[in-house]
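The block underneath contains the structure these notes are about, expressed in structure tokens.
The values are calculated or read from the model by the stated rules, or taken from the named source; none is laboratory data. Keep in mind that what you see is a predicted model, and the values were worked out from it rather than measured. Positions of Cβ are backbone-derived with ideal geometry, glycine not excepted, and every protein chain shown enters the neighbour counts. We work out accessible area using only protein heavy atoms, side chains counted, and drop any ligands, DNA or RNA first. Shrake-Rupley method; radii C 1.70, N 1.55, O 1.52, S 1.80 Å.
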Amino acid sequence: MSSDRKQTHLRQSAKQNPIEGEEQLSLLQTITMEVAAASDLASALEVVLRDVCEKTGWVVGHAWVPNQDGTDLELRSAWYCGDGELEQFRAVSEGLHFKPGVGLPGRVWKSKQPAWVENVTDDPNFPRFGAARTAGLKTGVAIPILHA
């Protein structure tokens, strides 16, 4: 979705639920300003992950980016709330690379479409299911960021 279309969508949402719409616009403005001030891609990804996770209450945020030769996704940036219980999930995630179609990141990379998995611990295409179960994680969402 283009930036103009996103802002139009957010304005329409604001009309339906003014408080939620104002919060969404505020988040978008904050992220835009912080990303513009970021010195590199890794810093920009950290800002986006932190802001979105803090606003939504999500305890984990990952940014998976294609490697140099474009054959795998690698974990470029991550955000965690409450490191203790997420340590195994963090360690497993940091050690993985995803091929197109494999795992939630690879699935979204291949399809170029967002995906929502209600219970990742029951998903046969979620290689980190054991670590997710140990950490008490259930739902997973992945959103591709595409560029021309």
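Key figures for this structure:
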item	result
In nm, spacing of pseudo-spin labels at residue 122 and residue 87 (7 Å Cα→C-beta vector)	3.1
Accessible area of segment 60-148 divided out per residue, in Å², using a probe of 1.4 angstrom	59
Convex hull (Cα only) mean projected area of segment 19-111, reported in nm² to one decimal	7.2
log₁₀ of I(q)/I(0) at q = 0.13, 0.14, 0.21, 0.28 Å⁻¹ - segment 81-148, Debye sum with one point per alpha carbon	-0.36, -0.42, -0.89, -1.29
√(5λ) per eigenvalue of the Cα gyration tensor, segment 52-96, largest first, Å	22, 14, 5
Fully extended contour minus Cα-Cα distance, from residue 133 to residue 42, at 0.36 nm per residue	30.0 nm
